[in-house]
């Protein structure tokens, strides 16, 4: 869902609750061919997925669920290709390519389809619904499936595993892509 689309709340706003601003780029089509750096954080930053020993992440059984489901992503989420990724004790980071013709692409390949152009303006008449091949849809499916499996193991139905929302960055060129790949690879060494 693009950040430019707004609808009236169905319940009165409570002034005591903090207002959450969308982190999505206003007007950007998150279903178009592009590359993204995404970060998902565990609820309350609990180290559920593993621990770092000698600059390497040692996954717990719950972390193995995250790994298994992430590796399934290209086969169960059409048009999504995974690149570099890391499971940290309390968060997950990855590079994701959305490429609707189902062929793995590069940033250079995507220049003609909008990864670097200014985002189009989305008319307000478009109904607010998740498209099946958007970044938000893919992340939502991933979080839902992993949460269900983790809660089954922990015997904690309905308990949140992930923080609300996620962080994303549109990767605009090969230099940025290489920099983010290095960051992901070195993340366990930074802790």
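Laid out as a table, the results:
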quantity	calculated
Test: residue 51 is more than 13 Å from the chain's Cα centre (by Cα), loosely packed, with under 15 Cβ neighbours inside 10 Å, at pLDDT 95 or above and assigned to a strand (DSSP E or B)	yes
Restricting the stretch 111-165 to residues that are outside any helix (DSSP H, G or I), at pLDDT 90 or above and under 18 Å from residue 38 (Cα atoms), the residue that is nearest to the chain's Cα centre (by Cα)	165
Given (1) at pLDDT below 95; (2) surrounded by fewer than 14 Cβ atoms within 10 Å (Cβ to Cβ), index of the condition residue 61 fails	(1)
Selection within the stretch 173-188 - closer than 13 Å to residue 87 by Cα, surrounded by fewer than 13 Cβ atoms within 10 Å (Cβ to Cβ) and touching a residue at least 60 places away in the same chain (Cβ under 8 Å)	185
Members of the stretch 84-100 that are within 13 Å of the chain's Cα centre (by Cα) and at pLDDT below 95	96, 97, 98
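The values are calculated or read from the model by the stated rules, or taken from the named source; none is laboratory data. Keep in mind that this is a model prediction, so the values were computed, not measured. Heads up, the Cβs are rebuilt from the backbone with ideal geometry, glycines too, and the neighbour counts pull from every protein chain shown.
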